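Take a look at the structure below.
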Amino acid sequence: MTQDELKALVGRAALAYVVPGEIVGVGTGSTVNKFIEALASVKDTIPGAVSSSTASTERLQALGIRVFDCNEVGELAVYIDGADEIDPRGCMIKGGGAALTREKIVAAQSRRFVCIADESKRVEVLGGFPLPVEVIPMATQAIVRRFAAQGGEAKVRLRDGAPLVTDNGQHILDVTGLRIADAAGFEAEVNQWAGVVTVGVFARQKAAVCLLGTSRGVVTLDF
Ligand code: 5RP
């Protein structure tokens, strides 16, 4: 099976976690795009979705799925999103699609995080994938130096030769050279640095379940 087929497989499998009559939290990325396509087939059973990015909002609306603002709704039963890496405890690196801040906000408002990913995302220790960190631009070089002191190399993410601007009007640093064994401790520390908006380690908002697309089918990991 191709990676695209594995993503479609887990995207469809995630429908089993959508609670009829309840608004569903929707993440961002190519795997979530497959979920959104599948969600359209059951759209009449839910009031709508809360979205974690402009990109997902546009896709949801194009398929006739109503999108609610976070502030219009209370706690969500479930949040469904992809990951760039997931470790044996369900901690993740996220933000490859630059949507990490809104993803963490919607995940924090949800009782259960269901991660959908192909098996290439499963790792023993986080850090192989460059860690996305959303930053306030005036703090960029100070944060680059702090990562350097920890052995990390942080680079501003570019789009068309200029710094990428997130949905929140900020920039993204991608940090290589890290080995994040204590995901919760690392997340708590970097979150304190002045100018950091969101660090792409999801340990506090970790996955409760991961639907992993493998050549043998969908493997369900409970954390
Ligand atoms: C976006 C994300 C995505 O969930 C993550 O990058 C995985 O994306 P994909 O499903 O395309 O591999 O965190 O900010």
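The values are calculated or read from the model by the stated rules, or taken from the named source; none is laboratory data. Keep in mind it's a predicted model, so treat the numbers as computed, not measured. Methodologically, a virtual Cβ is constructed for each residue, glycine included, from the backbone with ideal geometry; neighbour enumeration extends over all protein chains shown. Keep in mind that these areas ignore ligands, DNA and RNA; they rest on the heavy atoms of the full protein, side chains included. Shrake-Rupley method; radii C 1.70, N 1.55, O 1.52, S 1.80 Å.
Brief remarks on what is shown
- Residue-normalised accessible area of the range 131-197, expressed per residue, 1.4 Å probe, Å²: 53 Å²
- Charged neighbours of Val133, selected by a Cβ distance under 14 Å, balance to -1 (K, R count +1; D, E count -1).
- Within the accessible area of the chain, the carbon and sulfur atoms contribute 49%, probe 1.4 Å, all protein chains present.
- Kirkwood radius, the chain, all distinct C-alpha pairs, inverse of mean reciprocal distance: 17.5 Å.
- Value of Rg to Rh for the range 32-111 (Rh from inverse mean 1/r over Cα pairs, i.e. Kirkwood): 0.95
- Table column - 3J(HN,Hα) (Hz), the range 120-130, Karplus curve with 6.51, -1.76, 1.60, x for Gly and Pro: 5, 8, 7, 9, 7, 10, 5, x, x, 7, x
- Under 13 Å, Cβ to Cβ, from Gly217 - net charge with Lys/Arg +1 and Asp/Glu -1: -1
- In the range 131-197, Cα pairs under 8 Å separated by at least six residues give a relative contact order of 46 percent.
- Karplus (6.51, -1.76, 1.60) ³J(HN,Hα), θ = phi - 60°, over the range 172-180, in Hz, Gly and Pro reported as x: 10, 9, 10, 10, 9, x, 9, 10, 9
- From the C-alpha gyration tensor of the range 131-197, square roots of 5λ in Å: 20, 13, 11
- Over 24 Å (Cα to Cα) - which of Lys121/Lys155; Lys43/Lys94; Lys34/Lys94; Lys34/Lys155; Lys43/Lys206 fall in this group: Lys43/Lys94; Lys34/Lys155; Lys43/Lys206
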